[in-house]
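Everything below concerns the one structure shown next.
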Amino acid sequence: MPRIPLLAGSRIAIVNADEDAAVLTPPPPREPIADVAAAVRDALRFPLSGEPLEALVPRRGRATIVVEPPALPVPGAPIDPRQAAIAATVGELERAGIPTDRQTILVAGGLQRRAGRREVEALVEPELARRFHGRVEVHDAESPDLVPVQSGLRRPVRVHPALVETEIVVTVSAAETVLDGGPGALVGAADAAAIRAAGAYSLLETTASQGWQTGVSLERALAQRAPVIGASLVLTLPRLSGALHGFPYETESLERVVRSPLRYLYGALPSSLRERALRAIPASRGVSAAFAGPPSVAHAEALLRGTEERARWLPAPLDAICLGVPGTSPYLPRERPNPLLAAYLGLGFALRLWRESFPVADGGTAVLVHPFERRFAHPSQQPYREFLRAVRGGTARDDAVLRAAEMHAATDERAIDAYRSGRTHHPLLPYKDWSACQPALGRLGSVIVAGCRDHDAARVFGFVPTHGVGPALQMAQASGAQRIGFLLSPPYFPLVVRR
């Protein structure tokens, strides 16, 4: 009987699986490009379609470089290769005749907590930070200075002025999902209502993705005012070193974690020390490819390449899937996730990274391994506390309760002021996260929270709480699940079901 380690919060849960269980691990990471800056420069000089960057740039004009906070992928790396990509883009604009004092770096964070000075400085290399003399703008989705653009969508969209008051727009991002990077970065610089409505059924397919359509419409609307070009990177999966060398790609690394006597010592540590130990594990990410062109074109090509490199193929949908939820949030700053963020990581993110077909059969079961404790990092997660308080009297699946609570959150001046000052996430972000869980919930028959310590919190979402993984798997088998898959994440990777 195989024993499988799953990261549940800051603990490592050892699961006894059946012999025929499907252990889902990603393929080993590709060899990275040695010089990321050179790859980005070549991509901007030889784009997939359209004119190269130097042909689009007016001399002594103004340029806006759109970047995103490096919240994705999870986990990140101490040295982010996007830093080199941003530096290369700034250099190419200088070479084309736009000095740094005519350049603006726009941090498009969407509804996430607005980046502070320390987070902004971490976006670029120290050398670039010293010589950059332009402006750095952190997007405010509630700013009254947002400019309306004719995007052709049903509702008007307002964007940051830096996207309009410029002679060229350049996006620099990593292709992680259809909503993040490329045209999604432009959506991240729009008004709160537009960002809230930008969803997707699958994070790897552009069809049925309102967020992708909004981004492409914005790209075309901005291109009528000034040239728009983008550079998209394909990030490799992380390489861990030290005690977790080879994890989770090699079978030997899984056995090493299960048999290690240090696991018992680690489990006896306080949660704060466990979290610190996990963050201290050396990890590195590289870039396997770089593409440029219109943001939607470059991003789509990079996303396809990344899916091919990182995907795990399934011969058929599973009857049930079991996955651990790590003790980190999907947004910056990295914090302990509250119950809604834990549900989002499992259902709204991991189980939306699929192509061709949903990885679990209709009516199947998902087992989330996480304590589901109602702890909210202060002050950034205050909107999540208010979300659970608003639905406490009923259930998060009551549409009438959700609509009333969201309408109140959208007009809560105190919460909006806290977001604008950079203290908290936007009050609409919890509702966007819960909406992201709906595609998976619409296909699943039940969601079981294994190792749950707050049963009331699980029941608010309509989940079934259990004390351990064993009882959760027995419940799944009792409901008819024969083929159970165990998703070893993070890192998160695509699941492709062969038709």
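Might you check whether a residue that is of a type in the set (Asp, Glu), part of a helix (DSSP H, G or I) and open to solvent by 30 Å² or more (accessible area, probe 1.4 Å) occurs anywhere in segment 416-434? Yes, some residue in segment 416-434 is of a type in the set (Asp, Glu), part of a helix (DSSP H, G or I) and open to solvent by 30 Å² or more (accessible area, probe 1.4 Å). Any idea which residue in segment 152-198 is most open to solvent (accessible area, probe 1.4 Å), counting only those that are free of Cβ contacts under 8 Å to residues at least 60 places away in the same chain and more than 12 Å from residue 141 (Cα to Cα)? Selected residue: 154. Annotation: of all residues in segment 390-408 being in contact with a helix residue (DSSP H, G or I) (Cβ under 9 Å, 6 or more places away or on another chain) and not in a loop (DSSP other than H, G, I, E, B), the one that is most open to solvent (accessible area, probe 1.4 Å) is 408. In segment 459-482, the qualifying residues are those that are under 14 Å from residue 366 (Cα atoms) and of a type in the set (Val, Ile, Thr), and the one that is most open to solvent (accessible area, probe 1.4 Å) is 464. Within segment 336-352, identify whether any single residue is free of Cβ contacts under 8 Å to residues at least 12 places away in the same chain and open to solvent by 10 Å² or more (accessible area, probe 1.4 Å), and answer yes or no. Taking every residue of segment 336-352 in turn, none turns out to be free of Cβ contacts under 8 Å to residues at least 12 places away in the same chain and open to solvent by 10 Å² or more (accessible area, probe 1.4 Å).
Can you confirm whether segment 13-25 contains a residue that is open to solvent by less than 20 Å² (accessible area, probe 1.4 Å), under 30 Å from residue 258 (Cα atoms) and not small (Gly, Ala, Ser)? Yes, some residue in segment 13-25 is open to solvent by less than 20 Å² (accessible area, probe 1.4 Å), under 30 Å from residue 258 (Cα atoms) and not small (Gly, Ala, Ser). Kindly establish whether residue 449 is modelled with pLDDT of 95 or more, of a type in the set (Val, Ile, Thr) and either within 24 Å of the chain's Cα centre (by Cα) or buried (at least 18 other Cβ atoms within 10 Å of the Cβ) (or both). Yes: the conditions hold for residue 449. Residues in segment 205-214 that are part of a loop (DSSP other than H, G, I, E, B) and open to solvent by 10 Å² or more (accessible area, probe 1.4 Å): 205, 206, 207, 208. In summary, residue 281 fulfils each of the numbered conditions (1) out of contact with any helix residue (DSSP H, G or I) (no Cβ under 7 Å at 6 or more places or on another chain); (2) of a type outside the set (Lys, Arg); (3) at pLDDT below 90 with the single exception of condition (1). Pairs linking a residue in segment 392-414 that is more than 20 Å from residue 339 (Cβ to Cβ) to a residue that is of a type in the set (A, V, I, L, M) and surrounded by 13 or more Cβ atoms within 10 Å (Cβ to Cβ), with Cβ atoms under 7 Å and 6 or more positions apart or on different chains, are 410/428.
Taking the stated definitions as given, is residue 481 touching a Ser or Thr at 6+ places or on another chain (Cβ under 7 Å), modelled with pLDDT of 95 or more and among the aliphatic types (A, V, I, L, M)? Taking the combined requirement at face value, the residue does not satisfy it.
Among the candidates 173, 217, 253, single out the residue that is outside any helix (DSSP H, G or I) and at negative phi. Step by step, each of 173, 217, 253 is checked, and only 173 is outside any helix (DSSP H, G or I) and at negative phi. Within segment 469-498, the residues that satisfy the criterion of being assigned to a loop (DSSP other than H, G, I, E, B) and either closer than 25 Å to residue 75 by Cα or within 28 Å of the chain's Cα centre (by Cα) (or both) are 488, 489, 490, 491, 492, 493, 494, 498.
Of all the listed residues (335, 301), the sole one being part of a loop (DSSP other than H, G, I, E, B) and among the acidic types (Asp, Glu) is 335. For segment 51-101, enumerate the residues that are hydrophobic (A, V, I, L, M, F, W, C), part of a loop (DSSP other than H, G, I, E, B) and closer than 30 Å to residue 244 by Cβ. Within segment 51-101, 71, 72, 74, 77, 79 meet the criteria. Within segment 1-17, if we keep just the residues that are touching a Leu at 6+ places or on another chain (Cβ under 9 Å) and part of a loop (DSSP other than H, G, I, E, B), the residue that is nearest to residue 487 (Cα to Cα) turns out to be 17.
Would you confirm whether or not segment 101-116 contains a residue that is more than 21 Å from the chain's Cα centre (by Cα), open to solvent by 20 Å² or more (accessible area, probe 1.4 Å) and at pLDDT 95 or above? For segment 101-116, residues more than 21 Å from the chain's Cα centre (by Cα), open to solvent by 20 Å² or more (accessible area, probe 1.4 Å) and at pLDDT 95 or above: present.
Within segment 317-334, if we keep just the residues that are modelled with pLDDT of 95 or more and open to solvent by 10 Å² or more (accessible area, probe 1.4 Å), the residue that is farthest from residue 204 (Cα to Cα) turns out to be 319.
The values are calculated or read from the model by the stated rules, or taken from the named source; none is laboratory data. Values in this document were obtained by computation on a predicted structure and should not be read as measured data. FYI the Cβ positions are ideal-geometry reconstructions off the backbone, even for glycines, and counts take in every protein chain you see. The area values use the complete protein model at the heavy-atom level, side chains included, leaving out ligands, DNA and RNA. Shrake-Rupley method; radii C 1.70, N 1.55, O 1.52, S 1.80 Å.
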